[in-house]
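S.K.: Could you have a look at this structure, given as structure tokens, before my questions?
Any read-out appearing in this document is the output of simple, stated calculations on the displayed coordinates, not a laboratory observation. Just so you know, these numbers come straight off a predicted model, no measurement behind them. FYI the Cβ positions are ideal-geometry reconstructions off the backbone, even for glycines, and counts take in every protein chain you see.
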Amino acid sequence: MSATRLPGTPRLLRALNDRAALELLLERGPLTRARLGELTGLSKVTASQLVERLEERGLVTRVGEQAGGRGPNAQLYAVRPSSAHVVGVDVGPDRVVAACADITGAVIGRVEQSTRDTDDPVGVVHNAVVQAASSAQAQLSSVRRIVLGTPGLVDPGTGDITFAFNLPRWHSGLLAALRDDLHTPVVFENDVNLAAVAEAQSGAAQGVADFVLVWVGAGVGLAIMLGGRLHHGSSGAAGEIGYLPVPGAPIPRDVSRRAKPAFQQLVGADSVRAVAREHGYPDADAAEAVRAAVAAGPDGGPMLDELARRLALGVASTCVVLDPPLVVLAGEVGQAGGAALADRVQHEVAAITLVQPRVVPTGLTEEPILRGALRTALDAVRDEVFGSTVG
């Protein structure tokens, strides 16, 4: 029996070759047709046809020439930055930050707005997105995706916000309202999950498929990355570590009444300030107090030891279930503690459990949530744009 030829195989191969070439152009910068052929393993003729196809579709453009030996100079090609744009938004209780990036990932526009005096979340996000695109000199119609990082739960089924502790005006139905208002695909994602995406891309978790990120700041959160993919759970509540019942804190029985959950009581910003006062660091916010303890050397050790013991209760509980090789401490407090705090947490977790994950501070210093939102949007848009090159 002869083998059956798969229909559409030449078309599929062209699409795969196009995607490979576009990824190479993003990673390695401008390339000649000949160099693209070498890197993709394609013949000169096939590589030339590929470049012509991508140029016709407006995805690549000529950006210069490469001087050679004999004959005319070779044309250099690059991905056309304006072929698509994305907007990432970091939504907090007091402000919204939006950034616009082109398809190469270059951030070309950014705005920041206060949210303290408004009851209109759709209007706030609309203004931030429009102004971010405007500052990037990008048409709103070229923005292919908007990803918003928000505290709280995002329903994996509907994509809508179901619970946001610090954003009482954000509610179910907001996703549809934003999509209708902006006429663009809009996606919500938990803010700590987006920080983990950024950490995997360019922070302390590069090249690590399985890790957890513990966010310690005004609130407490956890992101779980398994096999290079975020784990959301059936209701989107995977990682809400603030609600972990732990010894040393009362366990509220009705979370809807906005009582502080147990682990949040031990390691949230208010508790860190209380620990700081007990150890001689009054009148400082949580991150400042931790930085002061680190700078104090041995004198700051007792405060860091106490904070590490508290943090280890949540980290250990997570690690005995998931057994990840790496834990990243992020957020304002995690970043302020640096290696001094991370090393103490690693030692304490190993002392009270059978697992011994490596615990490290975040490798990112600026706006990890916004960076994660842009990366998430770019990945989706590149799949759409680069995956549809063959008509």
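S.K.: I want to check the label-to-label distance for ASP323 and ALA296. Put each point 7 Å from Cα in the C-beta direction and report it in nm to one decimal.
M.R.: The modelled label-to-label distance comes out at 4.0 nm.
S.K.: Please give the residues of region 11-40, grouped as numeric ranges, whose backbone N is less than 11 Å from a label point set 7 Å along the Cα-to-Cβ vector of GLU65.
M.R.: The answer is none, because no backbone nitrogen lies closer than 11 Å to the label point.
S.K.: Only bridges with both residues in region 206-363 count here: give the DSSP antiparallel percent, nearest 5. Can you show the working numbers first?
M.R.: Values: 8 of 16 bridges.
Given both bridge residues lie in region 206-363, the antiparallel proportion sits at roughly 50 percent.
S.K.: Hey, can you grab everything whose amide H is under 5 Å from the amide H of LEU76? Only 5+ residues off in sequence or another chain; H modelled, so Pro and N-termini drop out.
M.R.: Result for LEU76 returns VAL63, GLY64, GLU65, GLN66.
S.K.: Would you mind telling me the antiparallel percentage of the DSSP bridges in the chain, rounded to 5?
M.R.: On the way: 31 of 50 bridges.
Approximately 60 percent, going by the DSSP bridge assignments.
S.K.: SER235 to ARG179: FRET efficiency via 1/(1 + (r/R0)^6), r the Cβ-Cβ distance, R0 22 Å, to the nearest 0.05?
M.R.: Numbers: r = 22 Å, r/R0 = 1.00.
About 0.50, to the nearest 0.05.
S.K.: Moving on to the next point. Test of understanding: what is the full-extension gain from LEU12 to ALA339, defined as 0.36 nm times their sequence separation minus their Cα-Cα distance?
M.R.: Details: separation 327, 0.36 × 327 = 117.72 nm, distance 4.83 nm.
Computed gain between LEU12 and ALA339 is 112.9 nm.
S.K.: Could you tally the net charge around LEU326, taking each other residue with its Cβ under 13 Å from the Cβ of LEU326, Lys/Arg +1 and Asp/Glu -1? Please report the intermediate quantities before stating the final value.
M.R.: Values: positive: ARG358; negative: GLU199, ASP210, ASP323.
With Lys, Arg at +1 and Asp, Glu at -1, the neighbours total -2.
S.K.: Can you tell me the relative contact order of region 24-180? Whole percent, Cα pairs under 8 Å, sequence separation 6 or more.
M.R.: Working: 272 pairs, mean separation 25.9, N = 157.
Averaging sequence separation for qualifying contacts and normalising by length gives 16 percent for region 24-180.
S.K.: Here's a follow-up. What distance in nm lies between label points placed 7 Å from Cα along the C-beta direction at THR365 and ASP383?
M.R.: 3.4 nm
S.K.: Relative contact order for region 206-363 using alpha-carbon pairs under 8 Å, separation at least 6, rounded to a whole percent? Can you show the working numbers first?
M.R.: Numbers: 277 pairs, mean separation 37.3, N = 158.
Normalised by residue count, the contact order of region 206-363 is 24 percent.
S.K.: Provide the gained length on full extension for the span SER48 to SER114, in nm with one decimal, where the gain is 0.36 nm per separating residue minus the Cα-Cα distance.
M.R.: Residue separation times 0.36 nm, minus the Cα-Cα distance, leaves 18.7 nm.
S.K.: Shifting gears a bit: Considering Cα pairs under 8 angstrom that are at least six residues apart, work out the relative contact order of the chain and quote it in whole percent. Present the calculation step by step, with values, prior to reporting the outcome.
M.R.: Working: 744 pairs, mean separation 60.3, N = 391.
Relative CO of the chain lands at 15 percent.
S.K.: Taking the number of other C-beta atoms within 10 Å as the exposure measure, put LYS44, LYS260 in order starting with the fewest.
M.R.: Details: LYS44 12, LYS260 19.
By the 10 Å Cβ count, ascending, the order reads LYS44, LYS260.
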